[in-house]
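Take a look at the structure below.
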Amino acid sequence: MRRAMAKLVLCLLLLALDAWAQQRVLLLPLSVRGLSADTGEVLWELLSTRLIAEGLLVVERATMARVLGHVEPEDIDEATARWMGKRLGARWVLQGKVFKVGDLISLDIKVLDSTGTVPPKAVFSQFPSQEAMLSGLKALASELKERITGRDQVTFRVQGTLRSQLLYQALGYSKLQRFPRRFLKGISIGDLDGDGAKEAVLIEPHRLWAYRDTGEGLKLIGELESPSTYNFLNVGTVDLNGDGRAEIAVTAVVGDHLRSFLLGFKGREIRYLKKGINRYLKVIQMGGRRVLLGQAMGADTDYAGPIEELRLEGRRLRTRELKGLPPEVEWIYSFCFGHFTGGELPEVARLNALGELEVLTLDGERLWKGGDSYGVSDNYFDRPDVMADAKGMPDYMPRRVYIPVRMSSGDLDGDGYDELMVVENHFTLGQRLERVRVYDTGRVLALVWDGMAMAEAWMTQQMPGCVFDFELGDIDNDGMPELCAVVVNAPLFKKGSSSLVVFELYE
């Protein structure tokens with residue numbers, strides 16, 4: 001009798017532990033915009049099935065309706081959602097919306113802890129069609145389970161003044177401007193005409209445009225086109241002569257030769273200030289100011305000589321070597337400065353020869369080394385006569401030089417630590433191999449120092465295509481910087497399209 005009673009107690013205990021291990025989830029009705037009225041119900045049924053398959057206990061629709069009655073999704077705020085979760089005995093509440101913007105469908109789901117002890121999290125997904133959205137629900141359910149069970153959770157030091165959405169881990173875009181049949185490679189934001197308002201400069205392989213955000217859209221205020229033999233690699237804006245107007249610096253190659261140039265905005269025209277500059281150019285934040293850097297190309301190497309600071313004096317371009325860099329920093333496009341650990345002296349974030357991200361002191365001491373997935377791009381130019389690798393060693397293939405996506409730093413939340421913003425692109429083909437890269441998705445991530453390493457703090461949503469460039473700048477002139485990215489979505493062997501994607505960082 002005692003043995004039978006012990007077995008019964010053990011079975012009940014195991015059942016209780018199994019039920020406790022399964023997380024009880026309340027999936028609220030989804031808010032729908034721009035799609036058919038029944039989309040929300042269909043999505044609810046399919047997503048709940050996928051969540052159950054992931055081992056989660058989902059409150060049945062009938063139970064939810066009986067206890068809560070009919071309620072419109074738009075009328076449910078976070079406090080109400082948590083109360084509903086408590087009422088139905090669910091630790092986790094999923095509150096989502098699905099909406100169509102242009103040709104893309106966005107599905108955003110917020111994960112709320114009904115007890116209020118865990119900060120909200122979120123999962124953002126984008127799909128080119130409803131069919132793609134339905135086929136992607138399994139992966140979405142798996143990601144939601146990770147958020148619920150606590151894997152890959154990021155702890156923040158302080159919220160600061162950033163939008164609360166950044167605490168959800170993924171930041172959705174606030175503005176999207178499409179450029180059909182264009183191949184945008186770079187963006188920079190600066191005051192071109194000296195009126196105190198910022199303009200945005202975009203580049204294609206041999207075209208450049210300047211736009212102003214009017215509040216109702218982008219207005220073209222100037223453009224420039226070069227011969228098709230040119231290949232524009234990047235763009236930056238910086239006031240080189242102190243007149244309050246930002247000059248435009250463009251790195252360009254013609255064949256195997258650097259043909260960079262400087263532009264100025266005069267009246268309603270963009271004019272050349274300096275042409276045929278035999279330097280890679282890069283605008284960087286240094287000591288609280290924007291600085292133009294330059295570096296030469298080697299005869300059979302990607303770069304040669306020191307990294308220089310460039311100044312415009314009248315019509316003459318002056319150069320001087322940039323001092324104080326760690327000896328490990330050799331290439332102009334491999335680094336940025338930042339106060340990542342909160343000290344008085346800045347550190348340097350750089351991509352090493354293997355493509356791994358590192359943080360170094362100015363003396364060259366390595367504080368941290370990460371992976372090699374950051375900064376990979378499809379921005380390149382060919383050197384058909386150079387049968388050598390990046391360091392000049394003989395190779396059987398002509399050299400193809402890839403330009404890494406820029407890195408940027410800034411103390412966005414005012415806590416004394418700079419965030420390091422980097423791009424992470426994924427390719428269906430060509431992630432490790434060169435020559436052919438088929439785009440999958442890309443995103444911008446912010447890394448912060450946690451006392452021992454650089455940890456992921458927040459990220460943008462995944463964007464279909466390849467992120468070629470981004471910049472922090474006040475593109476809409478509201479007094480606060482936005483994160484602005486240019487993304488190219490180009491199917492293999494087809495003419496693609498590009499997008500300017502703007503993320504609001506502050507409320």
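The values are calculated or read from the model by the stated rules, or taken from the named source; none is laboratory data. Model, not experiment: these values are computed from the prediction. Note that we place each Cβ from the backbone using ideal geometry, even for glycine, and neighbour counts take in every protein chain shown.
List pairs: first residue in segment 179-194 and more than 19 Å from PHE468 (Cα to Cα), second residue surrounded by 22 or more Cβ atoms within 10 Å (Cβ to Cβ) and aromatic (Phe, Trp, Tyr) anywhere in the structure, Cβ distance under 9 angstrom, at least six positions apart or on different chains.
As it stands, the answer is LEU192/PHE265; ASP193/PHE265; GLY194/PHE265, since those pairs meet every condition given.
Could you list all residues from segment 306-331 that are surrounded by 11 or more Cβ atoms within 10 Å (Cβ to Cβ) and either touching a Gly at 6+ places or on another chain (Cβ under 7 Å) or among the aromatic types (Phe, Trp, Tyr) (or both)?
GLU308, LEU310, THR319, PRO326, GLU328, TRP331
So, in segment 273-305, exactly how many residues are more than 21 Å from PRO384 (Cα to Cα) and in contact with a Gly (Cβ under 6 Å, 6 or more places away or on another chain)?
Going through segment 273-305 one residue at a time, the tally reaches 3.
Which of the residues that make up segment 106-139 are surrounded by fewer than 21 Cβ atoms within 10 Å (Cβ to Cβ), modelled with pLDDT of 80 or more, under 22 Å from the mean Cα position of the chain (by Cα) and aliphatic (A, V, I, L, M)?
LEU107
Would you mind listing the strands (runs of 3 or more DSSP E) fully within segment 251-361 where at least 2 residues are under 29 Å from SER226 (Cβ atoms), small (Gly, Ala, Ser) and touching a strand residue (DSSP E or B) at 6+ places or on another chain (Cβ under 7 Å)?
Of the strands (runs of 3 or more DSSP E) lying wholly inside segment 251-361, those with at least 2 residues that are under 29 Å from SER226 (Cβ atoms), small (Gly, Ala, Ser) and touching a strand residue (DSSP E or B) at 6+ places or on another chain (Cβ under 7 Å) span 260-266, 289-296, 304-313.
Among the listed residues GLY338, GLY294, GLY370, GLY355, which satisfies the condition of being surrounded by 15 or more Cβ atoms within 10 Å (Cβ to Cβ), in contact with a helix residue (DSSP H, G or I) (Cβ under 9 Å, 6 or more places away or on another chain) and assigned by TED's automatic domain parsing to the domain that holds ASP193?
GLY294 is the lone residue from the list that is surrounded by 15 or more Cβ atoms within 10 Å (Cβ to Cβ), in contact with a helix residue (DSSP H, G or I) (Cβ under 9 Å, 6 or more places away or on another chain) and assigned by TED's automatic domain parsing to the domain that holds ASP193.
Would you point out the residue of segment 362-387, among those that are aliphatic (A, V, I, L, M) and out of contact with any strand residue (DSSP E or B) (no Cβ under 6 Å at 6 or more places or on another chain), that is nearest to TYR303 (Cα to Cα)?
Restricting to residues being aliphatic (A, V, I, L, M) and out of contact with any strand residue (DSSP E or B) (no Cβ under 6 Å at 6 or more places or on another chain), the top hit is MET387.
Return yes or no: is TYR402 of a type outside the set (Lys, Arg), modelled with pLDDT under 90 and surrounded by 14 or more Cβ atoms within 10 Å (Cβ to Cβ)?
Answer is no for this residue.
Kindly indicate whether any position in segment 159-179 is at pLDDT 95 or above and assigned to a loop (DSSP other than H, G, I, E, B).
no
Would you kindly identify the strands (runs of 3 or more DSSP E) lying entirely within segment 409-477 that contain at least 2 residues that are in contact with a strand residue (DSSP E or B) (Cβ under 6 Å, 6 or more places away or on another chain) and of a type in the set (Asp, Glu)?
419-429, 466-473
Which of the residues spanning segment 37-76 are at pLDDT below 85 and part of a loop (DSSP other than H, G, I, E, B)?
Within segment 37-76, ALA37, ASP38, GLY69, HIS70, VAL71, GLU72 meet the criteria.
Only residues in segment 75-92 that are within 12 Å of LEU27 (Cα to Cα) count as the first member; pair them with residues that are acidic (Asp, Glu) and not in a helix (DSSP H, G or I), Cβ under 7 angstrom, at least 6 apart or cross-chain, and list the lot.
ARG91/ASP113; TRP92/ASP113
From the list LEU412, LEU360, LEU345, LEU367, exactly one residue is in contact with a Leu (Cβ under 8 Å, 6 or more places away or on another chain) and closer than 16 Å to PHE470 by Cβ. Which is it?
Answer to the selection: LEU412.
Does at least one position in segment 220-235 carry a residue that is of a type in the set (A, V, I, L, M, F, W, C), in the same structural domain as TYR280 (by TED's automatic domain parsing) and not in a strand (DSSP E or B)?
No - not one qualifying residue is present in segment 220-235.
For segment 251-263, what are the residues that are surrounded by 15 or more Cβ atoms within 10 Å (Cβ to Cβ) and modelled with pLDDT under 95?
The one that is surrounded by 15 or more Cβ atoms within 10 Å (Cβ to Cβ) and modelled with pLDDT under 95: ASP256.
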